[in-house]
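> Questions regarding the structure given below will be posed in turn.
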Amino acid sequence: MTMRVTVTVNGTEYARDVEPRLLLIHFIRDELGLTGSHWGCDTSNCGSCVVWLDATPVKACTVLAAMADGRSVRTVEDLEQDGCLDPVQQGFIECHGLQCGFCTPGMMMTARWLLDRNPDPAEAEIREILSGLLCRCTGYENIVRSVRWAAEHPGERQ
Amino acid sequence: MQVPSHVEYERATSVEHALALLGRPEHRVLAGGHSLIPMMKLRLAQPGVLVDINGLAELSYIKLDGAELRIGALARHADLLDSAVAGQHFPIFHDAERVVADPIVRLWGTIGGSLCQADPSEDLSAVFAAVRATAVIRSQHGDREVPVREFHLGPYETVIGPGELLAEIRMPAHPGTGSAYEKIARRVGDWSVAAAGAVLRLDKGTVKQAGIGLTAVAAEHFVAAEAEDYLRGKPATEQNFGQAAKIAAKHCHPVPDQRGPEDYKRHLVAELTTRALRRAAARAGAPA
């Protein structure tokens, strides 16, 4: 049995008929074709699938698309606005915050949420909020530096 | 690829609506989903119909009501960690919530869901047992109250029956009480190898009431009852804490697994119980 799900993703409303068991990450990637969010461990351990559901980050492998019905989702595709990168994205460029890039969407969406709530986080606060996200290139040092760069350059969209 | 098996979905629009839906067989509560959805992926849970209660804002609160702290079942882990009133009266909650899963999972996982999951390694079950909390279970016939120490029937099994919903967890906030939680895990976000929670109510340096909860070591109802009995009425001293911790370690039933052998887990229980009692006493105002 399918159900009608209507979700506003990055400001655009999408309606799809989906099975209730469909996970949000597959809805975003396979139904909508937004492949910026990555499907990683499938067990809510790695965090590469983090998106915002309404205004709160969630591991999209552990929430049903049905639960997002009538709500809004923000993905990594929405960070860049009018051709200008978000300071978090610029920070990852400046500080080499990614190597393979697999964990990057989750890292960036989590970092943007942190900075919206706490514009000047200490390194320990950055490490804490990212503690549920895995980088297998072991780039944590540079990821933390990237988030700090974004905190220090809040107005720099490039 | 892990995908749940076929399931139907209903969204509850009110507590009454949820209770009506839950009266039917095959219906199961979906709150944060951070335990249930992984269980469904592994086919350890195969509900026929999910009843999504995430919209029920009336079940999402943390407040002091007279001398009682009341936590709505839909409050999230992050809400409890952020709650100043909860931390003031029960610092054990903030100790525990810092080590439950990870910060993103804590934004979605619910307090009620943790209790109802009844995982033997779940931190909050031991915490609520230590503080002697009461579960308020709602049905169309009204509310019933069950002490958390009688809430779990065994692994993944609780007293909640068809047509019932955990609505609230409440506990008395006594003055002169201190509490703490100590956990050892292999890495951030992991389950406990072992953990201990302690609640002490002191009167002039004497233990008036003690609560000791143990996580992941198969303590009956998550409680170290013999150690609590030992401490009651005794001076809150390091020596008595050490003896109570030994009793706690002796009376639990840890199972050797990939997280460690039995003797190591008993060692952890003794050490973590001592540390939790020490910090609880300090927070209750006992001289160091």
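The values are calculated or read from the model by the stated rules, or taken from the named source; none is laboratory data. What you see is a predicted model; the values in this text were computed from it and never measured. Using ideal geometry, Cβ is built from the backbone for each residue, glycine included, and neighbour counts are taken over all protein chains shown.
> With a cut-off of at least 1 residues that are on the phi < 0 side of the Ramachandran plot, within 12 Å of chain A (Cβ to nearest Cβ) and at pLDDT 95 or above, name the helices (runs of 4 or more DSSP H) lying wholly within the stretch B:1-86.
B:36-41, B:77-82
> Oh, and also: Could you check the stretch B:177-205 and list, in sequence order, the residues that are assigned to a loop (DSSP other than H, G, I, E, B), over 25 Å from residue B:261 (Cβ atoms) and either among the aromatic types (Phe, Trp, Tyr) or touching a strand residue (DSSP E or B) at 6+ places or on another chain (Cβ under 7 Å) (or both)? Before the answer, list the steps.
So in the stretch B:177-205, the residues assigned to a loop (DSSP other than H, G, I, E, B) come out as B:186-191, B:204-205.
Those still in the list that are over 25 Å from residue B:261 (Cβ atoms) too: B:204-205.
The one that is assigned to a loop (DSSP other than H, G, I, E, B), over 25 Å from residue B:261 (Cβ atoms) and either among the aromatic types (Phe, Trp, Tyr) or touching a strand residue (DSSP E or B) at 6+ places or on another chain (Cβ under 7 Å) (or both): B:205.
> If you don't mind, there's one more thing I want to ask. Take residue B:236 and tell me if it is within 19 Å of the chain's Cα centre (by Cα) and either buried (at least 18 other Cβ atoms within 10 Å of the Cβ) or not assigned by TED's automatic domain parsing to the domain that holds residue B:127 (or both).
The answer is no for residue B:236.
> Kindly provide the set of residues from the stretch B:247-263 that are surrounded by 15 or more Cβ atoms within 10 Å (Cβ to Cβ) and not small (Gly, Ala, Ser), ordered by number.
Across the stretch B:247-263, the qualifying residues are B:247, B:251, B:252, B:254, B:259.
> Can you give me the ranges of the strands (runs of 3 or more DSSP E) entirely in the stretch B:116-175 with at least 2 residues that are touching a residue at least 60 places away in the same chain (Cβ under 8 Å) and closer than 24 Å to residue B:277 by Cβ?
Those strands (runs of 3 or more DSSP E) span B:165-172.
> Moving to a separate point now. Checking residue B:216 against (1) touching a residue at least 24 places away in the same chain (Cβ under 8 Å); (2) surrounded by fewer than 24 Cβ atoms within 10 Å (Cβ to Cβ), only one condition comes out false. Which one?
Going through (1) touching a residue at least 24 places away in the same chain (Cβ under 8 Å); (2) surrounded by fewer than 24 Cβ atoms within 10 Å (Cβ to Cβ) one by one, residue B:216 breaks only (2).
> Mind checking which pairs have a first residue in the stretch B:88-107 that is more than 11 Å from every other protein chain (Cβ to nearest Cβ) and a second that is assigned to a helix (DSSP H, G or I) and of a type in the set (Val, Ile, Thr), Cβ under 7 Å, 6 or more apart or different chains?
Note: pairs meeting the criteria are B:92/B:127; B:93/B:127; B:96/B:127.
> Report the residue count in the stretch A:86-114 for those that are in a loop (DSSP other than H, G, I, E, B), out of contact with any Phe, Trp or Tyr (no Cβ under 9 Å at 6 or more places or on another chain) and either buried (at least 20 other Cβ atoms within 10 Å of the Cβ) or not assigned by TED's automatic domain parsing to the domain that holds residue A:129 (or both).
2
> Quick one: which residue in B:46, B:88 is touching a Ser or Thr at 6+ places or on another chain (Cβ under 7 Å) and surrounded by fewer than 18 Cβ atoms within 10 Å (Cβ to Cβ)?
The unique qualifying residue is B:46.
> Checking residue A:56 against (1) under 14 Å from the mean Cα position of the chain (by Cα); (2) within 18 Å of residue A:139 (Cα to Cα); (3) β-branched (Val, Ile, Thr); (4) surrounded by fewer than 19 Cβ atoms within 10 Å (Cβ to Cβ), only one condition comes out false. Which one?
Of (1) under 14 Å from the mean Cα position of the chain (by Cα); (2) within 18 Å of residue A:139 (Cα to Cα); (3) β-branched (Val, Ile, Thr); (4) surrounded by fewer than 19 Cβ atoms within 10 Å (Cβ to Cβ), only one is false for residue A:56: (2).
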